[in-house]
1. Ignoring everything but the protein chains, give the 1.4 Å probe accessible area of Asp153 in square angstrom, nearest 10.
2. Could you please report the charge total around Thr142, scoring K, R as +1 and D, E as -1 over all other residues with beta-carbon less than 12 angstrom from its beta-carbon?
3. Please give the per residue accessible area of the chain, computed with a probe of 1.4 Å over protein heavy atoms only, in Å².
4. Report the relative contact order of the chain, percent, no decimals, based on alpha-carbon pairs under 8 angstrom and at least 6 residues apart.
5. List the residues, sorted by chain then number, that are 5 or more residues from Gly245 or on another chain and whose placed amide H is less than 5 Å from its amide H.
6. Which order do Val166, Val187 take by accessible area at a 1.4 Å probe, largest first?
7. Taking Cα pairs under 8 Å and at least six residues apart, what relative contact order does segment 1-89 come out at, in percent?
8. Sort out for me the Cα centre separation of segment 240-257 from segment 168-238, rounded to whole Å.
Amino acid sequence: MSRPRIVIVGAGFAGYRAARTLSRLTRDKADITLLNPTDYFLYLPLLPQVAAGILEPRRVTVSLSGTLPQVRLVLGEAGSVDLDGHTVHYTGPEGDAGTLPFDRLVLAAGSVNKLLPIPGVAEHAHGFRGLPEALYLRDHVTRQVELAAAADDPKSCAARCTFVVVGAGYTGTEVAAQGQLFTDAQVRKHPLRAGMRPRWLLLDIADRVLPELDERLSRTADRVLRERGVEVRMGTSVKEATHGGVLLTDGESVDTRTLVWCVGVRPDPLAESLGLPLERGRLLVDPHLQVPGRPELFAAGDAAAVPDLEKPGEYTPMTAQHAWRQGKAVAHNVAASLGLGERRAYRHRDMGFVVDLGGVKAAANPLGIHLSGIAAGAVTRGYHLAAMPGNRVRVAADWLLDAVLPRQAVQLGLVRSWSVPLDTASPELARTPGPSEKLPSAAPNPGESGSSSGREAESARSRAGGEPRKSRAGGEPAKSPAGGEPA
């Protein structure tokens with residue numbers, strides 16, 4: 001008798017842990033296939049440190065084939081799922097089409113950038129969901145500071161050294177915190193015009209920073225940001241974006257060349273394409289992470305609306321903390337459906353949160369104990385080292401080197417603006433021209449934030465449905481709470 005075939009779509013927090021746990025539970029009694037567009041698991045919580053030049057890009061990636069030896073890795077983007085035919089159709093990295101048959105399917109497709117109907121944002125803003133976007137932002141910020149230092153025009157200098165971050169959740173808060181330190185370090189080497197310094201603005205329509213967290217963590221983060229010089233504007237967002245700046249909802253016009261979009265995420269469209277019951281774009285599942293009426297289909301992470309047994313009537317939020325634990329739970333339930341072990345309902349209690357604010361500053365409340373300053377910084381970094389499934393020594397070495405050596409601020413020019421559009425279903429992949437496309441001529445610089453023909457083509461193709469729906473490489477929000485996995 002042939003072994004059952006398990007296909008996992010997506011290698012984010014939920015998909016990666018599901019694959020790792022299933023390989024241990026089945027012990028060669030099932031064929032496990034992991035479909036993902038990249039060959040690595042991305043540890044999203046440390047992505048802001050890549051953009052700030054603290055960590056090298058490979059430090060936050062974990063090899064799938066190297067850490068999942070019993071799992072077959074297939075590189076590709078899921079385009080559609082035939083539930084009745086038990087097949088997943090995908091497109092490979094070189095455009096070749098493929099099909100994966102399954103007996104059990106785990107949908108861990110994650111999420112993509114949340115877009116709002118604000119004029120100019122899709123054309124002039126960049127998200128922060130994948131490694132290409134972090135590399136782009138590092139190059140772009142470095143370039144703007146260098147160009148500002150050499151500028152004769154005070155207005156141009158000020159615009160290039162003004163950086164606007166929209167969204168004061170985990171990602172936006174950390175990007176602004178790390179970014180201010182990064183640019184301050186740069187201007188010590190490349191002084192600006194007299195009286196000028198880099199200006200960072202953090203905007204959000206909420207009434208406080210980190211609105212989803214405890215108010216004490218919010219106050220700590222707000223205080224650190226303001227002391228560092230970040231302009232925190234609550235109750236304010238962008239009304240319109242252009243190549244030369246943004247118009248804020250309070251009427252102020254800000255000249256800038258940098259708009260970082262961190263307003264949140266939305267479930268991957270793959271979940272909606274299945275035609276099954278949804279909850280705000282997330283696939284409805286039972287407490288065992290199984291889709292009712294579809295015994296072969298399971299879902300976890302951002303793509304799944306999982307009942308919160310601690311809060312009856314609600315669903316677990318879209319966080320890495322839940323996705324990581326749901327990955328383990330769904331693996332046990334898939335194995336149980338094959339006669340290996342018993343089913344278990346997903347139940348979780350928060351153990352606290354950590355927010356890295358750069359340098360030795362952080363905000364944390366492990367086990368409900370509120371910490372700030374150096375103590376919170378030590379807990380935060382200790383947690384990340386414990387939570388990462390690999391590269392711990394390399395990450396610790398980079399932290400040590402950053403503490404004792406000047407940070408290197410250089411433009412590598414590896415990722416161009418048009419290759420990381422905001423309006424994309426593939427934030428983990430830098431866009432490349434298709435066989436019939438030419439390299440965009442409107443984006444001569446590898447980090448300019450302006451619109452380009454390449455981005456417009458990408459946006460148009462995405463809106464027209466010309467790009468296949470797909471799996472996510474980093475399927476969960478970019479910040480992991482302290483309860484994200486056992487330390």
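The values are calculated or read from the model by the stated rules, or taken from the named source; none is laboratory data. Since this is a predicted model, take the numbers as computed values, not measurements. Cβ sites come from the backbone with ideal geometry, for glycine too, and all protein chains shown count toward neighbours. Remember, those area values only see protein heavy atoms, side chains included, never the ligands or the DNA or RNA. Shrake-Rupley method; radii C 1.70, N 1.55, O 1.52, S 1.80 Å.
1. 80 Å²
2. Net of charged neighbours comes to +3.
3. 40 Å²
4. 24 percent
5. Thr256
6. Result, largest first: Val187, Val166.
7. This gives 29 percent for segment 1-89.
8. So the separation of the two Cα centres works out to 17 Å.
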